[in-house]
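Remarks on the structure that follows.
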Amino acid sequence: MRVSQLLVPTLREVPAEAEVISHQLLLRAGFIRKAAAGVYTFLPLAWRVIKKIEQIIREEMDRQGGQEILMPIIQPAELWQESGRWDVYGPELFRLKDRHGRDFCLGPTHEEIVTVLVRQEVSSYRQLPLLLYQIQNKYRDERRPRFGLLRGREFIMKDLYSFDRDEAGLDQSYQKMYEAYTRVFTRCGLKFRPVEADSGAIGGNDTHEFMVLAESGEALVVFCPDESCGYAANVERAATTVQDAGTREELPRPLEEVHTPGMHTVEQVTGFLGVDARRLIKTLLYQTEKGVVAALVRGDREVNEVKLQKVLDVLRLELADGATVERITGAVVGYAGPVGLQDVRLVADEEVMLLVNAVTGANRDDTHLINVNPGRDFVPHVVADIRQVRAGDPCPYCGAPLEETRGIEVGQIFKLGDKYSRVLGATYLDEHGQSRPMIMGCYGIGVTRTMAAAVEQNHDENGIIWPVSIAPFHVVVVPVNHKDERQFNLAEQVYRELLDNGVEVALDDRPERAGVKFKDADLIGYPLRITVGNQAVQTNELEVRYRATGETRMVPRERITGHVREYIALA
RNA sequence: CGGGAUGUGGCGCAGUUUGGCUAGCGCGCUUGCCUUGGGAGCAAGAGGCCGGGGGUUCAAAUCCCUCCAUCCCGACCA
């Protein structure tokens, strides 16, 4: 490709709207342009990258027996009503009507369509397992699209759905996808980590997220530093062993009230009373659709709202406002406690139950209770793990102190079980003529998000550094002086030779000064740059520059194609 | 959805407080000269219903009302 003919509108300055580095660089390097909030046009370079990622995904899906199909973006409301998700999905679902007033939506995911397809076309155990996938645009009307391609409203996703006879079959399909995903992200040249995750509203038991490790990631991950243990989980899901606060050996003392004027934070109370935060029981009131709930965690802990939501089995969970707190506890915010609290469900974290002679709010202004003993002074309705794990907590398997990192979720694999096959009636006849629901799994990869994640992880102050496997071109050939015919002809020869040998090469034939072309080459992130200047013409040696390291090397003219091909093959 | 901010040529911005006559600057773009190994220089150009609508006024980018868009923080979602 001749750069003079290529639509790569590079920008010298960072567009004001871009905050994260992948968004800035993809705009500046001429890969993407915004059409609306969270909706982008992919220019030629971006589209080449996307096609490469898609191709890697295709090969790995096919390797595991996946069959590619293409399902519609526009889906009839009836399907979603049948699964029950038309009402549940909420405002995230892009809804529209046709000219007859019939309801449709733009697919945010395709469980309904694919399950109904399989319901109609598959009826025998002989046809299972079946792995169907597509690479398709997806639509989610995010409340707040942000970070460029990392959280858009329209995005490209690979989604595969597995249909098995039973749980054992599902386990196998799940394992295949786990391997396939590991291969996909490895081949894309990304540093990533599969982590245990929460299954959220989709439900199901097992689920893993594949996280590309990057500071800008929205997800927080904890992991065990012991490689042989290998535990890693999204903090939403992460567990840790129950820890004693050091009060266990004490003998319970009689409950006592203390005057604590103006002390309503954990720091204030611990400072005032001269006790460890671990001795406090923090009482947080939450509003849910099932009423107000009190969540108890130790003073040094935070509530994990995802865990709490799961324990309570509620759809809505938010901290109660001050007025509600006062109504329930009879005191201003800061003095809530479990003792004598009426009309709310009490959920206590496991660690709270181990405390002896704890400190809590007294449900009265400026008053706390000391020597509170769980079981004696209050009895929670539920005891569960609702605490947020943090770095330093012991690994639940081996006890080593956990570490923290941030990640971008580029893939997630789910065991769905019979959730959709039951409601949508996707059944098959087994070898005994018995009708059974198919056992399903679903597996997604955010393709456009993966492109952005690759940039987040691979860049420097000059621009993008594409992993070779997904780079838009492998190499750019740059004649230094566009008016020097000898340079230009040599560059042209090299360009053609590389083209003829199957190398993805761009020739920067623009009548620009060398500096401009070098800057653009760095910004765009071609893995290799071949510079053709005076030296090349005179000595017949070409300068090859490696984007990843910034190193250069002189390569004899006749060896250039071999050198480039070797580099690509080894990458 | 709550809070905050911003909309002026392709990009980055000034001008708005205190209304005023041809709306500016840098980059980019076009043409010419010159230059040619890290975003050169000189000269001449093209390009803007100042986000939309309504109002106030002799006069609105500037003041008022309203709508829209975009970005950030939070909440939310997977």
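Observations on the model:
- Some residue of segment A:553-563 being within 12 Å of RNA strand B (Cβ to nearest atom) and crowded, with 17+ Cβ neighbours inside 10 Å: no
- Count of segment A:386-438 residues which are assigned to a loop (DSSP other than H, G, I, E, B) and within 24 Å of the chain's Cα centre (by Cα): 10
- When we screen A:Q127, A:Q81, A:Q67, A:Q120 for residues that are more than 28 Å from A:K52 (Cβ to Cβ), open to solvent by 60 Å² or more (accessible area, probe 1.4 Å) and out of contact with any Asp or Glu (no Cβ under 9 Å at 6 or more places or on another chain), the only hit is A:Q120.
- With respect to the conditions (1) farther than 21 Å from A:I32 by Cβ; (2) part of a strand (DSSP E or B), A:I156 falls short on a single one, namely (1).
- Selection within segment A:14-28 - within 10 Å of RNA strand B (Cβ to nearest atom) and assigned to a helix (DSSP H, G or I): A:H23, A:L27, A:R28
- Restricting A:L45, A:L7 to residues that are open to solvent by 40 Å² or more (accessible area, probe 1.4 Å), among the hydrophobic types (A, V, I, L, M, F, W, C) and in contact with a helix residue (DSSP H, G or I) (Cβ under 8 Å, 6 or more places away or on another chain) narrows the list to A:L7.
- Qualifying residue in segment A:104-114 (condition: within 14 Å of RNA strand B (Cβ to nearest atom), of a type in the set (V, I, T) and in contact (Cβ under 8 Å) with a residue 12 or more places away in the chain): yes
- Flag if A:V347 is outside any loop (DSSP other than H, G, I, E, B), farther than 16 Å from A:E250 by Cβ and open to solvent by 10 Å² or more (accessible area, probe 1.4 Å): no
- Yes/no for A:R298 being of a type in the set (D, E, K, R) and in contact (Cβ under 8 Å) with a residue 40 or more places away in the chain: yes
- A:V476 being within 16 Å of RNA strand B (Cβ to nearest atom) and either in a strand (DSSP E or B) or surrounded by 13 or more Cβ atoms within 10 Å (Cβ to Cβ) (or both): yes
- Some residue of segment A:449-460 being surrounded by fewer than 22 Cβ atoms within 10 Å (Cβ to Cβ), under 40 Å from the mean Cα position of the chain (by Cα), within 15 Å of RNA strand B (Cβ to nearest atom) and not aromatic (F, W, Y): yes
- Verdict on A:K419 being within 14 Å of RNA strand B (Cβ to nearest atom), surrounded by fewer than 22 Cβ atoms within 10 Å (Cβ to Cβ) and more than 30 Å from A:H563 (Cβ to Cβ): yes
Let's see how each residue does on (1) modelled with pLDDT of 95 or more; (2) surrounded by fewer than 21 Cβ atoms within 10 Å (Cβ to Cβ); (3) not charged (D, E, K, R):
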position	(1), (2), (3)
A:Y495	yes, no, yes
A:L499	yes, yes, yes
A:G502	yes, yes, yes
A:K517	yes, no, no
A:N534	no, yes, yes
A:E543	yes, yes, no
A:Y546	yes, yes, yes
A:E551	yes, yes, no
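- Breaking point among (1) in contact with a strand residue (DSSP E or B) (Cβ under 9 Å, 6 or more places away or on another chain); (2) within 26 Å of A:Q136 (Cα to Cα), for A:I465: (2)
- Taking (1) in contact (Cβ under 8 Å) with a residue 24 or more places away in the chain; (2) over 19 Å from the mean Cα position of the chain (by Cα) in turn, A:G101 satisfies each apart from (1).
- Scanning segment A:376-407 for residues that are free of Cβ contacts under 8 Å to residues at least 60 places away in the same chain, surrounded by fewer than 17 Cβ atoms within 10 Å (Cβ to Cβ) and either in contact with a helix residue (DSSP H, G or I) (Cβ under 7 Å, 6 or more places away or on another chain) or hydrophobic (A, V, I, L, M, F, W, C) (or both) turns up just one, A:V379.
- Residue within segment A:165-186 that is surrounded by fewer than 16 Cβ atoms within 10 Å (Cβ to Cβ) and of a type in the set (A, V, I, L, M, F, W, C) present: yes
The values are calculated or read from the model by the stated rules, or taken from the named source; none is laboratory data. Fair warning: this is a prediction, and the values are worked out from it, not measured in the lab. Counting neighbours? That spans all protein chains shown, and the Cβs are built from the backbone with ideal geometry, glycine included. Note: accessible area is taken over every heavy atom of the protein model, side chains too, but ligands, DNA and RNA are not part of it. Shrake-Rupley method; radii C 1.70, N 1.55, O 1.52, S 1.80 Å.
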